[in-house]
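Please read the structure below before turning to the comments.
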């Protein structure tokens, strides 16, 4: 490493270990760190604090994964990727996986040689308008100017929605959330559209949030989830089941606080199997036998992560909505651990 | 002798010029109000200037330096001014200035590491001194050479033995060149020396540096390339691009001046292609396409990839500057070299290039300024230059929504760097001119 | 008496390729060529292997797929159901549009600024110097951001024009609206239109062709008129006054055609959320245009200044001695000579501006980089094809500009002894 870091400056290298098509888990173990692709800055999902550390919803999942593999939630290298180079970085092996607010679509799953292994956030595209426009439904937006962030599926959904409803509009594409928000606040556009998750956050950070409303229409499905390279099933399993464990932990009432206690054994066989006191699910993944205990201990269960990073007690103030557990009317559901 | 008493015999003392043409009044009359049109121009521009300043200055100087978040700033303003006026919220700079300047690698993540980029910058200034003051002792060239190896070490960290053994390999290459040029012409000695250096680097360097490191580690905390950010990133890309591009640029310039048809056309083609496309497309190539062009087992860091492409970009531009220098030399210099019986390479090395490079220095400095400014483009591909960091700061919920303060601060820092360099370049131009006359 | 020794017979030996400086060049060139070809081949082979591994062979058929995104600023008809290829064309035209507007504005401002920079008025010349130093020492990307945000912060939103006592009002007799979404200016309309001419890729209105044809005819007639005046001048020594006749030749046919076509002006009007009608220059276009112009102008000011200063003082003194006023001296004596120095620098600034227009991607102006290298690339995942095309197109534009300008430069430059 020391040498290659230097050689890199001479354009000779940056020569890291070779990437083989299979065996990402072995590579990760050999490296001692998970290379987790995140956004270069998305409010609530991944951003850097004033100490320069990454924090956010997606970041917590990276940490849980690292804890499951290494018992150390900090064993993560965060690779900041733009929407342009995320898939290239993944396929070239620069990142082991993406937790990068990436929408699961057919063509990305099939054509781009990537695989989506779960959904950590069910999103959908929504609209926000100033209250004084008197608009109550997205169908009244004929002729409006719409601020969108470029390079995302948002642009396509917007075009589809207006075309289907026979309305015209003026798109105002902007590079990033903060730029778009500044333009919106100055009235350069009537409507702000993006994933509903981000929309609530943007509204909360406006000068006068009460002057804006979010319209009831959700015009698209935006399932966001972890992405891995196509064809490495062992690694897929590790990522998929670590995330499932966080959801299952919430279903079963396992929290950051009580996981150590529960890991010693309980009356509930589901908890016992997941936490390793009955059977050895973790070793089937080639991980330490307490892998999920470590993951939950590091970040808490799905609900705790949500509340801590983007939930109603944070400035972003998102409601669980679709992301509530299936038992509570949402869609988050974990296949059984057995 | 007739009586000429009506003629003065002594000179009259000079009369003071009229009050309207000296002092403040005279200066004003001459420079501001010399005609009706001029006076009108003065009044109009003066009024515009005052309007602009009265809009900007209060915003700048009544700003708040002490707050925890943008919301806090707004609350403080609401408390201070009942009419809802707000001014700058400089608190964001107070909170994050170290990230903007030193990046995540040397910012508050690693409190104790400020000295590394600062020492690096100081080293660069020392290294530049042979150019700054043409008659410093020759020992300073050693410092310049040492900086080439120490600066990357300071930025990326790791063991000192890596750079040192690399330097040894390169010295080995130079020695090989000396020996080879005894027995063959330069055109062949040069490739031989390059091959020797490459072999030394590939075969000897690794074991040697590892061996030495096991004896005495002497290492700095390594910093991964992607963590090199902020102004440190801009400066590093700029410096690497200029230094690494110089040899390439000299080769390209000589190639473009060459009589050899294929060499000439290849150099010209390369220069024109690179100069014909925007830098942003080359940065796309670096971050998106580079991986396709290399064997799949090589994983090139995006920062390094960007540096390579920016180097090629700079080389094409500097090649044109050097070509201008070559063309500006009087033809007599070439003819004199021929008359002395020097070979092509001897003539270039001893007579042509020293003079051509000297007159090219101001052009090279202004190219450095533009490369330095152009490094902001890497923010478009998610690297953390100052603009990229400003985006990252705004994606944190504390500072979401802050625009002008960050742009203003970044613009100011860029301005200070670029302005002083351009002044230096002007000064140098004057120095070099007098050298010629 | 002297013996003349015949020169030794030239025979070519292989070793001469190495040791004879006449042939050594061939060897060196051959080696260089082989090395370059090997390197290129290596890169191409890697690319082919890597792309094949990803199942993305080099194909350009994605250009025919439906683009399904919208573009707000467009010079030709385009909807989201059109193909990626057409979106790319829209982007290309947008790039050319902003480059042309930027070059024109920067040239005008630059010449004015360069002259003011040398003005005897201290305040003015210092202010221009200050402007130059401030703008050229900060990255252009920052200026583009600043212009865009200043525009949206200062100009009123369309809703400010609404109501009985609107906060903002339209300019120039209600014909022009400056909003933070863009500037709306009146458009020329014809009540008796001739229709459009379909050129395959896009339509050109026949009215425009007719007007241009009439104008070209008028200019031709004007040239003939001037030639006639020259002939009379050489024959008789008197030059007939051509001005009125020239004006009549140019204006009357043009006006007649306009009236025949039923020309009138379409004013923008506030309808719904936005102004409708008129020609719209969107805010990103104006922000980018301003940013590029303000930045490039500084370089043109310096070019003009150095050009003017390069003209020797004797020239202006001679002009003054001939009784020319300062303005005429500048336009007839100084500037034509200064152009020799200015034009090469101007060419490189035009090229820089065109290349810098690629920064549009940062503020959402849909130029070539935002369409082909932005949304299209992201939607289709064809990085290799899109970026190579992008570079090829920019290269073509640059070579065309520099070719044209060099040709012009060769025409105007003074023939040296």
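Things to note:
Results for (1) part of a helix (DSSP H, G or I); (2) surrounded by 18 or more Cβ atoms within 10 Å (Cβ to Cβ); (3) in contact (Cβ under 8 Å) with a residue 60 or more places away in the chain, shown as yes or no for each residue.
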| residue | (1), (2), (3) |
| --- | --- |
| B:360 | yes, yes, no |
| B:364 | yes, yes, yes |
| B:383 | no, yes, yes |
| B:432 | yes, no, yes |
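- The selection criterion, being farther than 30 Å from residue A:168 by Cα and free of Cβ contacts under 8 Å to residues at least 60 places away in the same chain, holds for residue C:225.
- 3 or more residues within 26 Å of residue C:108 (Cα to Cα): qualifying strands (runs of 3 or more DSSP E) within region C:247-315: C:279-282
- Residue that is modelled with the lowest pLDDT, among those in region A:309-335 that are part of a helix (DSSP H, G or I) and in contact with a strand residue (DSSP E or B) (Cβ under 9 Å, 6 or more places away or on another chain): A:321
- Note on region B:222-237: residues that are more than 21 Å from residue A:48 (Cα to Cα) and either in contact with a strand residue (DSSP E or B) (Cβ under 9 Å, 6 or more places away or on another chain) or surrounded by fewer than 23 Cβ atoms within 10 Å (Cβ to Cβ) (or both) amount to 1.
- Within region A:187-211, considering residues that are away from chain C (no Cβ under 14 Å) and not in a helix (DSSP H, G or I), the one surrounded by the most Cβ atoms within 10 Å (Cβ to Cβ): A:195
- Total residues in region B:402-414, condition surrounded by fewer than 21 Cβ atoms within 10 Å (Cβ to Cβ), closer than 16 Å to residue B:385 by Cβ and either without any contact (Cβ under 8 Å) to a residue 40 or more places away in the chain or within 14 Å of chain A (Cβ to nearest Cβ) (or both): 3
- In summary, residue B:379 fulfils each of the numbered conditions (1) more than 14 Å from chain A (Cβ to nearest Cβ); (2) touching a helix residue (DSSP H, G or I) at 6+ places or on another chain (Cβ under 7 Å); (3) farther than 30 Å from residue B:326 by Cα with the single exception of condition (1).
- Remark: pairs (first residue in region C:19-43, touching a residue at least 12 places away in the same chain (Cβ under 8 Å); second residue assigned to a helix (DSSP H, G or I) and surrounded by 15 or more Cβ atoms within 10 Å (Cβ to Cβ); Cβ separation under 6 Å; 6+ apart in sequence or on different chains) are absent.
- Index of the failed condition, residue B:399 passing every other in (1) in a loop (DSSP other than H, G, I, E, B); (2) within 8 Å of chain A (Cβ to nearest Cβ): (2)
- A search for C-beta distances below 6 Å between a residue of region A:140-151 that is facing another protein chain (nearest Cβ under 7 Å) and any residue that is surrounded by fewer than 22 Cβ atoms within 10 Å (Cβ to Cβ) and in a loop (DSSP other than H, G, I, E, B), counting only pairs 6+ apart in sequence or on different chains, returns A:142/A:167; A:143/A:168; A:143/C:272; A:151/A:83.
- Number of residues in region B:200-231 that are assigned to a helix (DSSP H, G or I) and within 13 Å of chain A (Cβ to nearest Cβ) equals 18.
- Residue check, residue A:266 outside any strand (DSSP E or B) and free of Cβ contacts under 8 Å to residues at least 24 places away in the same chain: yes
- Residues that are within 14 Å of chain C (Cβ to nearest Cβ) and either in contact with a strand residue (DSSP E or B) (Cβ under 7 Å, 6 or more places away or on another chain) or modelled with pLDDT of 80 or more (or both), drawn from region B:179-199: B:192, B:194, B:195, B:198
- Check on residue B:87, assigned to a helix (DSSP H, G or I) and either at pLDDT 85 or above or surrounded by fewer than 21 Cβ atoms within 10 Å (Cβ to Cβ) (or both): no
Residues checked against (1) under 31 Å from the mean Cα position of the chain (by Cα); (2) free of Cβ contacts under 8 Å to residues at least 12 places away in the same chain; (3) under 30 Å from residue A:184 (Cα atoms):
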position: C:204; (1), (2), (3): yes, yes, no
position: C:212; (1), (2), (3): yes, yes, no
position: C:236; (1), (2), (3): no, yes, no
position: C:259; (1), (2), (3): no, yes, no
position: C:282; (1), (2), (3): yes, no, yes
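- A single entry from A:253, A:225, A:201, A:276 fulfils the requirement of being at pLDDT below 85, over 30 Å from residue C:275 (Cβ atoms) and touching a helix residue (DSSP H, G or I) at 6+ places or on another chain (Cβ under 9 Å): A:201.
- Hits in region C:362-386 - residues which are surrounded by fewer than 24 Cβ atoms within 10 Å (Cβ to Cβ) and either part of a helix (DSSP H, G or I) or more than 14 Å from chain A (Cβ to nearest Cβ) (or both): C:378, C:379, C:380, C:384, C:385
- Among (1) under 28 Å from residue B:424 (Cα atoms); (2) surrounded by fewer than 23 Cβ atoms within 10 Å (Cβ to Cβ); (3) more than 11 Å from chain B (Cβ to nearest Cβ) - the single one residue C:134 does not satisfy: (3)
The values are calculated or read from the model by the stated rules, or taken from the named source; none is laboratory data. Because the structure is a prediction, the values reported are computed rather than measured. Glycine gets a Cβ as well: all are built from the backbone with ideal geometry, and neighbour counts include every protein chain shown.
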